[in-house]
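Here the structure is laid out as structure tokens; the discussion comes afterwards.
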Amino acid sequence: MGSDPKGKKPTLRSVGEFSEFMGSSVIQICGRKEVTIDGCKGIVEYLDCEMKVGTNDGYVTVFGTDLNIKYLSINTVVVEGKLQRIEFSDPG
Amino acid sequence: MVKLIRLLRGYIVFSVTGSYPEKFVNTLIRHGIKVWGVRSRDGVIFCRSKASDYRFIRRLSRRSNSRVRIKEKYGLPFIVFRNRNRVGLAVGAVCFLLIFKALSLFVWNVDLYGFENMSYNHVKDVMKSVGVYEGAYGNYESLKNIQTKAMIDFDNVSWITVNVDGSCAEVNISETEEKESVIDSSPCNIKAETDGQVIRVDAYSGMSAVKSGDAVVKGNLLISGVVETELGGTHLEHASGLVWARTERSERFIVEKNCGFSEYESNPSKRYSANIFNITVPLTFSHFSPERNYFNFIEENRAEFKGRSASVSLVGESVYFYDEKEIARSESLADEVFNAEMLLNELFCYGDKKIIDRAIMHSADKENYYYEVRYVCEEDIGESSEIIVDIGEQQNASDDELDR
């Protein structure tokens, strides 16, 4: 996260920084082909047609077919495939 | 680009099995190992990662009770390793790189632009004489010198730019534009270009010195540029006008009794060759006897790559053989030749004259037929003749006129 010279207002340079600043995850859906989850805590479950990702707000489960992880980093996961639905659930 | 770098450095596809393969993938990410192309099939997760990271991945798998196994290997390091015993391949690859590097030092494509009045081959020859041609060493010390030399060799070129980009040379030529002729208004007379009888005088400026019906000889004054003023003095003008006169002209034509002609074979011999990097490789071996007379017609089809002509071309050569023969012309054939020559001559030399009458006289000796044509024409016989003026005298004349 960047900040201005006076150090008062933080300047956000990316969606990842924004999600970190807000304390909740940011989910971007691009058509039915791609979903980007910023602020993820890791993959919980990964099957052919279902992927469960842990976030600060709970779990996000992506349902679809041919689900692949296009990009994976410590904070972000980009899932591509033919998306069917996205479910939110609480931990535990 | 990323794909190319990955291929150069080598990458692997490995499978992760165990009770919680997802956890293992999370562990990899947390340890800073880059994985991509992650997919799950039947409870097995397949990942891609750098080949150099695999040792660390294997160590991590032992700690997290997961099992990893390499499924596929891609990239240059694996190709090199697989072919480590094939020395020929390595030598071939090195030779390829060396030849590639050596060839890239030469110019293999010369593009010529910007000229309309000169032929492509002429421009190509001149540029070749200054060192810009296909196959030339491309490390030109000074392109300015080349441009200057080319400018000297071309007659009517205002500027030339030569740019060398890798193995391609681009020559841009700008031809000089012909200047519009400046109307001459210096004092002059109109004099007779040839003998004749004046029919009509149209004097636009100056004073007419002849009238209809006058006979004139070559050099006689027709329209004078020295014009008298109302006050009795004179001033000089640029005389102009048309002086139509009836003239007599004669032309002589000689038609040889025996004449040579070329008898061509109806079907040309064709042969093809490929031009690769300025090296000609014959593709057909048709019979060719250099003792016979021939002329050849060469057609070059260049291969193009991304809109630029490549250094590979197919050259087709059509060779037309002919025999020199001689025939004796009959009188009627000679008449036909003469008529054709006379018509051509009239077309080009008498286009501005009106032919009133023509008389043809015919004679012959052992070798030739002779034809003499006497024309009676109507034409403008005036031609400009400069008046040479002594400035001192002219000044005195004007002063005298002012005094009066």
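A few comments on the model shown:
- Applying both filters, DSSP loop and at most 12 other Cβ atoms within 10 Å, to the GluC sites (Glu not before Pro) of segment B:63-160 gives B:116, B:141.
- Positive dipole terminus of chain B, leading residue within B:266, B:280, B:295 (C-beta point charges): B:280
- Largest-first principal axis extents, alpha carbons of chain B, Å: 129, 76, 41
- Listed by chain and number, the lysines placed with their C-alpha closer than 19 angstrom to that of residue B:257 are B:325, B:366; residues fewer than eight positions away on the same chain are left out.
- When the listed pairs B:3/B:71; A:52/A:82; B:149/B:306 are checked against a 22 Å cut-off, the alpha-carbon distance exceeds it for B:149/B:306.
- Largest-first principal axis extents, alpha carbons of segment B:221-370, Å: 87, 56, 21
- Whichever aspartates and glutamates have a C-alpha closer than 16 Å to that of residue B:50, once near sequence neighbours (fewer than 8 apart) are set aside: B:72
- Area projected by the alpha carbon convex hull of segment B:202-263, averaged over all directions, nm²: 8.5
- Between residue B:175 and residue B:89, the modelled label-to-label distance comes to 5.7 nm, taking each label 7 Å out from Cα in the direction of the beta carbon.
- Extent along principal axes [Cα atoms of segment B:48-189; Å; largest to smallest]: 117, 34, 24
- C-alpha center-to-center spacing [segment B:137-208, segment B:220-243] in angstrom: 34
- Centre separation in Å (Cα based) which lies between segment A:22-92 and segment B:322-345: 96
- Net charge contributed by nearby residues that have their C-beta within less than 10 Å of residue B:194 (K/R +1, D/E -1): -3
- Antiparallel DSSP beta bridges within the protein assembly as shown, percent to nearest 5: 95
- Considering all C-alpha pairs of segment B:109-175, those separated by over 20 Å amount to 15%.
- Point-charge dipole on Cβ atoms (K/R +1, D/E -1) for segment B:109-175, about Cα centre, debye to 20: 180
- Unit charges on C-beta of K, R, D, E only; dipole of chain B, Debye: 8800
- Percent of alpha-carbon pairs separated by more than 14 Å within segment B:260-327: 65
- Considering only B:151, B:224, A:53, and ranking their Cα positions along the charge dipole of the protein assembly as shown that arises from unit charges at the beta-carbon of Lys, Arg, Asp and Glu, the one farthest toward the positive end is A:53.
- Taking B:61, B:212, B:309 as the candidate residues, the one with maximal mean-square fluctuation in a Gaussian network model of chain B, Cα springs under 10 Å, is B:61.
- When the Cα positions of B:25, B:7, B:78 are compared along the charge dipole of segment B:1-83, B:78 comes out farthest toward the positive end, with charges on each C-beta of Lys, Arg, Asp and Glu.
- Net charge dipole size for the protein assembly as shown [Lys, Arg +1 and Asp, Glu -1 on Cβ; Debye, nearest 20]: 8520
- Trypsin sites (Lys or Arg not before Pro) within segment B:157-258: DSSP coil, no more than 12 neighbouring Cβ in 10 Å: B:179, B:211, B:218
- Here the convex hull built on the C-alpha positions of the protein assembly as shown has a volume of 439 cubic angstrom per residue.
No value in this document is a laboratory result; all are computed from the given coordinates. None of the values given here were measured: they were computed from a predicted structure. Cβ sites come from the backbone with ideal geometry, for glycine too, and all protein chains shown count toward neighbours.
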